[in-house]
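**Student:** Encoded as structure tokens, here's the structure I'll be asking about.
The values are calculated or read from the model by the stated rules, or taken from the named source; none is laboratory data. Owing to the predicted nature of the structure, the values given are computational and were not obtained by experimental measurement. We place every Cβ from the backbone using ideal geometry, glycine too, and count neighbours over all the protein chains shown. Keep in mind that these areas ignore ligands, DNA and RNA; they rest on the heavy atoms of the full protein, side chains included. Shrake-Rupley method; radii C 1.70, N 1.55, O 1.52, S 1.80 Å.
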Amino acid sequence: MPKLKIKKGDQVVILSGDDKGKTGEVLKAMPKENKVVVKGINLVKRHTKPSQTNPGGIVTKEAPINVSNVAFAKDGKPTKVGYKNVDGKKVRVARKTGAVID
């Protein structure tokens, strides 16, 4: 299973595709598929059939996007993510600034 450097709740910048340049929050990270779901990005329309719980109709929702097409956003600008040992703990750091992310 590949390791993702981007986690749920991170702010990311879209690097390619129709939503290039937009920023959003990661709603879901899927390491097995190497994809992430970003709030308000890569919207698709899904036609749903009516059921007892769902009235049906056309639903707009976010589709997964490949993790290679997003970059972690530090102060709204894209940066790569690295790892560093701080006080014996492995933490994520922004490569551009060297600032600790979490």
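**Student:** Would you please name the residue that is farthest from HIS47 (Cα to Cα), looking only at residues in the stretch 66-88 that are aliphatic (A, V, I, L, M) and open to solvent by 20 Å² or more (accessible area, probe 1.4 Å)?
**Tutor:** Keep residues of the stretch 66-88 that are aliphatic (A, V, I, L, M), which gives 67, 70-71, 73, 81, 86.
Those left that are additionally open to solvent by 20 Å² or more (accessible area, probe 1.4 Å): 67, 86.
Numbers: VAL67: 26, VAL86: 49 Å.
Ranking the candidates gives VAL86 first.
**Student:** Moving on to the next point. Name the pairs whose Cβ atoms lie under 7 Å apart, with the first residue in the stretch 16-31 and over 13 Å from GLU62 (Cα atoms) and in contact (Cβ under 8 Å) with a residue 40 or more places away in the chain, the second assigned to a strand (DSSP E or B) and of a type outside the set (Asp, Glu), and 6 or more positions between them or separate chains?
**Tutor:** THR23/GLN11; THR23/VAL12; THR23/VAL13; THR23/ALA73
**Student:** So GLU33 ticks every box in (1) open to solvent by 60 Å² or more (accessible area, probe 1.4 Å); (2) of a type outside the set (Lys, Arg); (3) within 27 Å of GLY98 (Cβ to Cβ) but one. Which box is left unticked?
**Tutor:** Against the list (1) open to solvent by 60 Å² or more (accessible area, probe 1.4 Å); (2) of a type outside the set (Lys, Arg); (3) within 27 Å of GLY98 (Cβ to Cβ), GLU33 comes up short only on (3).
**Student:** Continuing with the same structure: Can you confirm whether LYS7 is open to solvent by 40 Å² or more (accessible area, probe 1.4 Å), touching a residue at least 12 places away in the same chain (Cβ under 8 Å) and farther than 16 Å from PRO78 by Cα? Break it down stepwise before answering.
**Tutor:** Working: open to solvent by 40 Å² or more (accessible area, probe 1.4 Å): yes; touching a residue at least 12 places away in the same chain (Cβ under 8 Å): yes; farther than 16 Å from PRO78 by Cα: no.
Against the criterion (open to solvent by 40 Å² or more (accessible area, probe 1.4 Å), touching a residue at least 12 places away in the same chain (Cβ under 8 Å) and farther than 16 Å from PRO78 by Cα), LYS7 does not qualify.
**Student:** For the stretch 89-101, what are the residues that are over 15 Å from ALA71 (Cα atoms) and open to solvent by less than 80 Å² (accessible area, probe 1.4 Å)? Talk me through it step by step, then tell me what you get.
**Tutor:** Within the stretch 89-101, the first condition is being over 15 Å from ALA71 (Cα atoms), and the residues that meet it are 89-91, 98-100.
Those that are over 15 Å from ALA71 (Cα atoms) and open to solvent by less than 80 Å² (accessible area, probe 1.4 Å): VAL91, GLY98, ALA99, VAL100.
**Student:** Continuing with the same structure: I'm told VAL86 meets every condition in (1) under 26 Å from PRO2 (Cβ atoms); (2) under 19 Å from the mean Cα position of the chain (by Cα) except one. Can you identify the failing condition by its number?
**Tutor:** Unmet for VAL86, out of (1) under 26 Å from PRO2 (Cβ atoms); (2) under 19 Å from the mean Cα position of the chain (by Cα): (2).
**Student:** Can you find even one residue in the stretch 40-55 that is open to solvent by 40 Å² or more (accessible area, probe 1.4 Å) and within 24 Å of GLY82 (Cβ to Cβ)?
**Tutor:** no
**Student:** Sticking with this one: Hey, could you check the stretch 10-29 for residues that are within 11 Å of LYS39 (Cα to Cα) and open to solvent by 40 Å² or more (accessible area, probe 1.4 Å) and say which is farthest from the chain's Cα centre (by Cα)?
**Tutor:** Looking at the filtered set, the residue picked out is LYS22.
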